[in-house]
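Notes follow the structure.
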Amino acid sequence: MNIDEKLISTAEALFDRHGFNATGMDRLAQAAGMSSRTLYKHAGSKNELIAAVLMTRGQRFLQRLELDSVEALFDALAGWMSEEGARGCLFLRAQGEIGSAVPEVTEAVTAYKARFSETVRRILARQLGAGPDEELVEQVVILFEGATAAASYRGVAVVATAGRAATLLVERARA
């Protein structure tokens, strides 16, 4: 693992566990086993590092979603949570903690959410054999995001419940 990969991996783990504001650059440098100077050389600012962490995490998650059904989409979410934990969406947590005052973070969140919606659109098109209407895409996205948030306090079982609701919506769209 090169320095940049190690830094992003370490930062992701700390941000995910402790939050963005509570994780300072000194703590990141110590956890990554590097000097503050090396950290800033590779990360730039903390905001740039947060954006890089979000982009990397988003790519890693979206790679799992080359799927053919909403049932598989929610199964993938449950699998992710069993590996990564169910602490809510890191992108929305970043937006909530940092707000829209930091353009790098806002851009990373907006770009990821657009890619995720497009991924859902593709999954629905494969499942339905045609382009889904935007209302169905939004409904599935909202169920997915709701399940992601609710799992943090209700447990991963809520993902299956949301998946069943999404499957019913797809079945209704076919009728």
> Which condition number in (1) over 27 Å from Asn47 (Cα atoms); (2) surrounded by 14 or more Cβ atoms within 10 Å (Cβ to Cβ) is the one that Tyr153 fails?
Replying inline: (2)
>> Being surrounded by 17 or more Cβ atoms within 10 Å (Cβ to Cβ), modelled with pLDDT of 95 or more and outside any helix (DSSP H, G or I) narrows it down to one residue among Leu67, Leu54; which is it?
In response: Leu67
> Would you pick out the residues in the range 114-144 that are touching a Phe, Trp or Tyr at 6+ places or on another chain (Cβ under 9 Å) and open to solvent by 40 Å² or more (accessible area, probe 1.4 Å)?
Replying inline: Leu143
> Among the candidates Ala108, Ala149, which residue alone is closer than 20 Å to Val53 by Cα, in contact with a Gly (Cβ under 6 Å, 6 or more places away or on another chain) and part of a helix (DSSP H, G or I)?
Replying inline: Ala149
>> Given the condition more than 17 Å from Thr119 (Cβ to Cβ) and out of contact with any strand residue (DSSP E or B) (no Cβ under 7 Å at 6 or more places or on another chain), answer yes or no: does some residue in the range 63-77 qualify?
In response: no
>> Test of understanding: among Leu62, Leu28, which residue is open to solvent by less than 50 Å² (accessible area, probe 1.4 Å) and either over 17 Å from the mean Cα position of the chain (by Cα) or modelled with pLDDT under 95 (or both)?
In response: Leu28
> Looking at the range 118-159, which of its residues are among the hydroxyl-bearing types (Ser, Thr, Tyr) and over 28 Å from Asn21 (Cα atoms)?
Replying inline: Thr119
> So Gly96 clears everything in (1) modelled with pLDDT under 95; (2) open to solvent by less than 50 Å² (accessible area, probe 1.4 Å) except one condition, right? Which one?
Replying inline: (2)
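The values are calculated or read from the model by the stated rules, or taken from the named source; none is laboratory data. As the structure is a computational prediction, the values presented were derived from the model and not from experiment. All Cβ positions, even for glycine, are placed from backbone atoms using ideal geometry, and neighbour counts span all protein chains on display. Areas reflect the complete protein model, heavy atoms only, side chains present, ligands, DNA and RNA absent. Shrake-Rupley method; radii C 1.70, N 1.55, O 1.52, S 1.80 Å.
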